[in-house]
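Trainee: I'd like to ask some things about the structure below.
Throughout, read-outs are computed from the coordinates displayed, never taken from laboratory work. Since this is a predicted model, take the numbers as computed values, not measurements. A quick note on method: Cβ atoms are made from the backbone with ideal geometry, for glycine too, and the neighbour counts reach across all protein chains shown.
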Amino acid sequence: MTLTQGTLEPVAPGEAAPDVDLTAAAGVAEVPPEILAQSLGEYFRAYWQKLKGGDSGLLPVLVAMVIVAIAFELITPENAFLRPSNLVYIFELSTVYMVLSMGEIVVLLLGELDLSIGAVALMGGVIAYKLIQTPSPNFPWWAAILVSLLCCGVIGGLQGILVARVRIPAFVVTLGGFLFFTGMIVILLGGADTSLGLDPTNPNQAVLYNLEQGNINVVVSWVATGVVVVILGSITWFRAASRRRSGLVAPPASLAAIRIALMAAAAVAVLAICTVNRGGVFATIQGLPWVIPVVLGILGFWTLLLQQTRYGRYVYAIGGNPEAARRAGVSLPWIRTWSFALCSATAGFAGILLGSFYYGQYSSNVGDPGQLVLYSVAAAVIGGTSLFGGRGKAIHGVLGGLLIGAIAYGVSLMNLGTLSIPLEYILPGAVLLLAVLVDVLSRRGARTGKDAARV
């Protein structure tokens with residue numbers, strides 16, 4: 001199958017299908033104008049046209065985060081929302097939603113939905129925490145994590161097979177998985193009232209405990225962050241310069257410099273918040289929480305997988321136009337199966353983080369699988385991922401999860417009593433509806449713009 005002049009040509013019998021970039025479904029992909037910009041002014045003009053065309057990118061969720069931060073800072077008692085200790089706690093609280101959302105995004109990109117992700121996450125956490133118990137089975141922490149991710153990946157793969165090959169709707173398959181594995185969690189725990197915990201004084205168990213509770217040494221935090229910023233900045237700069245020397249499309253040098261400066265400023269701001277005296281029970285200077293580089297590592301993995309690999313291109317192609325992708329030689333069942341498997345494996349790691357957030361404790365009351373799946377989908381969509389497939393990035397899950405966590409903690413700070421729990425659902429629900437409305441209107445605007453261009 002080849003793509004020429006916006007049409008699809010079938011592959012001759014016995015001829016192998018060529019490796020085609022299918023990021024844009026059927027037809028020849030239009031190169032975004034901001035990529036072709038040769039100066040900073042041209043870039044911003046192209047970006048403005050992109051906004052007017054309905055592709056708002058990260059802008060809505062960033063604006064929403066600013067509004068939420070200002071609003072809760074003004075209405076919470078003693079204007080406590082933006083205190084360093086609270087900001088660090090919000091990030092730690094949000095990490096589970098971030099990781100879950102990054103896993104859910106790969107399924108949403110296909111135009112599907114995984115409702116089992118919350119229950120699978122708790123399964124992953126329980127498996128890892130069971131395996132690391134002493135005196136038996138006493139697995140090394142890394143082996144416990146690998147087995148947990150493998151088990152969750154197999155669960156997701158089996159669900160993917162039912163969806164992709166047996167062709168049972170994903171909604172039905174994953175809803176069944178949600179119910180089945182919610183019950184299995186209770187069985188693994190040994191009963192509804194049974195708890196499972198970690199001993200932070202045990203060096204092996206302390207690794208999982210410190211994923212959320214531990215902090216990196218202050219000096220090491222600053223040095224390591226500086227090294228990472230220099231490396232990423234150098235890669236950004238020299239990659240763009242190399243493309244320009246080769247005559248390829250590359251962003252203006254001034255834009256690359258601005259991106260590097262913003263990355264450095266964000267790193268300094270995060271470190272400044274994490275390494276000051278946070279006050280209260282954190283009455284000492286602490287370093288960067290371990291969970292921050294962990295989540296950034298997961299973000300990097302998903303970003304590279306979706307943006308820089310053939311698998312990622314095929315995921316976007318299937319979400320944009322599955323029939324065009326199929327005719328171009330993409331194995332839809334294979335990609336869908338792997339996507340569900342990777343989604344569940346990512347969820348399993350989120351479950352490990354959840355137990356660590358609750359000080360290494362697991363019980364049937366640690367997490368509500370229904371709330372986890374609702375928050376994971378909401379975080380992805382609020383961050384900018386489309387429910388209709390074909391549009392979204394891993395960073396959307398991080399920003400959306402952070403916004404969900406900020407709303408949940410902001411409500412708890414207001415001491416509203418019996419109103420706190422309802423508002424933790426009502427406010428994210430309202431933001432979710434607004435995000436879906438933006439998605440629908442942006443797609444409508446994009447279609448209108450393309451139709452006008454054809455006329």
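Trainee: Given an 8 Å cut-off on Cα distances and at least 6 residues of separation, report the relative contact order of the stretch 215-288 as a percent. Provide the component values of the computation, followed by the final result.
Mentor: Working: 55 pairs, mean separation 33.0, N = 74.
It comes to 45 percent, rounded to a whole number.
Trainee: Amide H neighbours of Asn215 under 5 Å, counting only residues 5+ apart in sequence or on other chains, H built in-plane at 1.01 Å?
Mentor: Hits under the 5 Å cutoff: Trp290.
Trainee: Here's another thing I want to ask about it. Karplus couplings for the stretch 193-209 from phi (6.51 cos²θ - 1.76 cosθ + 1.60, θ = phi - 60°), rounded to Hz, Gly and Pro as x?
Mentor: Whole-Hz 3J(HN,Hα) from phi for the stretch 193-209: 9, 8, 10, 9, x, 10, 9, x, 7, 7, x, 5, 6, 5, 4, 5, 4.
Trainee: Using only the Cα atoms of the stretch 215-288, each taken as one equal point scatterer with no solvent, compute I(q) by the Debye sum, divide by I(0), and report log10 of the ratio at q = 0.18 Å⁻¹.
Mentor: Log10 I(q)/I(0), no solvent term: -0.73.
Trainee: Separate question: In terms of modelled amide H atoms, which long-range or inter-chain residues lie less than 5 Å from the amide H of Gly197?
Mentor: Close amide H contacts, sequence-distant or interchain: Tyr362.
Trainee: Could you run the Karplus curve 6.51 cos²θ - 1.76 cosθ + 1.60 with θ = phi - 60° over the stretch 127-136 and give me ³J(HN,Hα) per residue in whole Hz, x for Gly and Pro?
Mentor: 4, 4, 6, 5, 5, 9, 5, 10, x, 8
Trainee: Got a sec to turn the phi values of the stretch 169-181 into Karplus ³J(HN,Hα) couplings, 6.51 cos²θ - 1.76 cosθ + 1.60 with θ = phi - 60°, whole Hz, x for Gly and Pro?
Mentor: x, 4, 4, 6, 4, 6, 5, x, x, 4, 5, 4, 7
Trainee: How many angstrom separate the Cα center of the stretch 232-252 from the Cα center of the stretch 113-171?
Mentor: Each part's Cα centre sits 40 Å from the other's.
Trainee: Where does each of 374-387, 170-183, 221-234 land if you order them by average Cβ count within 10 Å, highest first?
Mentor: Descending packing order for the listed peptides: 374-387, 170-183, 221-234.
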